[in-house]
Every structure is written in structure tokens, then in C-alpha cells.
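Chemist: Please read through the structure below; I'll follow up with questions.
The values are calculated or read from the model by the stated rules, or taken from the named source; none is laboratory data. Values in this document were obtained by computation on a predicted structure and should not be read as measured data. Here the Cβ positions follow ideal geometry from the backbone for every residue, glycine too, while neighbour counts run over all protein chains shown.
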Amino acid sequence: MSPKRLFRIAAIAEAVTWALLLSAMVAKYGFGQDWAVSIAGGVHGFVFLAFIAVSVLVGVNQRWSVGRIALSVAMAIPPFATVPFEIAQIKRGRLEGDWRREPGEEPDRLVDQVLRTLLARPLVTGILAIALVAAVFAALLVVGPPGGGEA
């Protein structure tokens, strides 16, 4: 799977889960179905964290600036903004190319070495990424919603 395809899947998944969450909010506040937000909110939260992980991985691979990676992450906050962001990156050629598994012509940085190590073991990296996202998700569930109120 190319960086472009992975980013597209993550961007679309994030937008779809936003739609689920907004629909669940209509069900909760319009029809008293509180359970809907609990389920859709959890799914959206997990996919949101996964999108952050994908943004960092793809951003490092594509040599995006820290600012562009931060902007990518920020695009997950407004509903549906990840998809237009992804389209804009494609139009500008910022998602072209394959994974950087070999040293390039640019000076080798620690982040490049870490990236190559992760890319050399995609299955292990995928499992670790899912475990990391799950651990952060679980920690956030323990902490509770912002403001301590009900989500």
C-alpha cells in the first residue's frame, strides 16, 4: 500500500466517522437515543487517533514540514476537513512516491532511520501502531471527556 493510498483511506475513514458521530448526536438530542453517541463517539475517537498516527507516518515519509504534519492533524478536528486536505495534497504532488525504505540523496536524519526501521517490518509496525492507538484511546477513556461532563 502506498503512502497516498494509506492517507486516503485514513482521511475518508475519519470523515465517515464524523458523519456517524453527527448522526448519533441527532439521534441523542432529537430522539433521546443516548447510546448512539457512546458508540459513534468511541469509533470516531479511535479513528481520529489512527488518523493522527497515519498523518505523522506519511508526513515523515513524504518529508512534510512539521507545520504541514500539524496542519494535517488539525484537519481532523473540523468535520469532513480531512478529505479536502487529502485532495489538496494530491493536487500539489505531496503524496506521490513510495515508502522511503532505502537511504536517499538527502542527509540521513534520525527520523529517517526510524522510518526505515519501521517500514522494514510493516506487520510489526502495524500491530505496534494499533496497540499504541488503543493504549492512548484507553487512557483517554479513563480520563473522561473534556470538562468532566457527559459526552
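Chemist: Looking at region 120-151, which of its residues are at pLDDT 90 or above and of a type in the set (Gly, Ala, Ser)?
Modeler: 120, 126, 129, 131, 134, 135, 138, 139
Chemist: Tell me, yes or no, whether region 57-73 has at least one residue that is in contact (Cβ under 8 Å) with a residue 40 or more places away in the chain, in a helix (DSSP H, G or I) and under 20 Å from residue 17 (Cβ atoms).
Modeler: yes
Chemist: For region 30-42, what are the residues that are outside any loop (DSSP other than H, G, I, E, B) and either modelled with pLDDT of 95 or more or not aliphatic (A, V, I, L, M) (or both)?
Modeler: 30, 31, 34, 35, 38, 41, 42, listed by residue number.
Chemist: Does residue 76 satisfy being hydrophobic (A, V, I, L, M, F, W, C), closer than 18 Å to residue 134 by Cβ, outside any helix (DSSP H, G or I) and touching a residue at least 40 places away in the same chain (Cβ under 8 Å)?
Modeler: Values: hydrophobic (A, V, I, L, M, F, W, C): yes; closer than 18 Å to residue 134 by Cβ: yes; outside any helix (DSSP H, G or I): yes; touching a residue at least 40 places away in the same chain (Cβ under 8 Å): yes.
Considered against the rule, which asks whether it is hydrophobic (A, V, I, L, M, F, W, C), closer than 18 Å to residue 134 by Cβ, outside any helix (DSSP H, G or I) and touching a residue at least 40 places away in the same chain (Cβ under 8 Å), residue 76 comes out as yes.
Chemist: Looking at region 82-136 only, could you name the residues that are of a type in the set (A, V, I, L, M, F, W, C), touching a helix residue (DSSP H, G or I) at 6+ places or on another chain (Cβ under 6 Å) and closer than 26 Å to residue 42 by Cβ?
Modeler: Correct list: 83, 129, 133, 136.
Chemist: Specify the residue that is surrounded by the most Cβ atoms within 10 Å (Cβ to Cβ); the eligible residues are those in region 79-108 that are closer than 30 Å to residue 25 by Cα and of a type in the set (Phe, Trp, Tyr).
Modeler: So the residue we want is 85.
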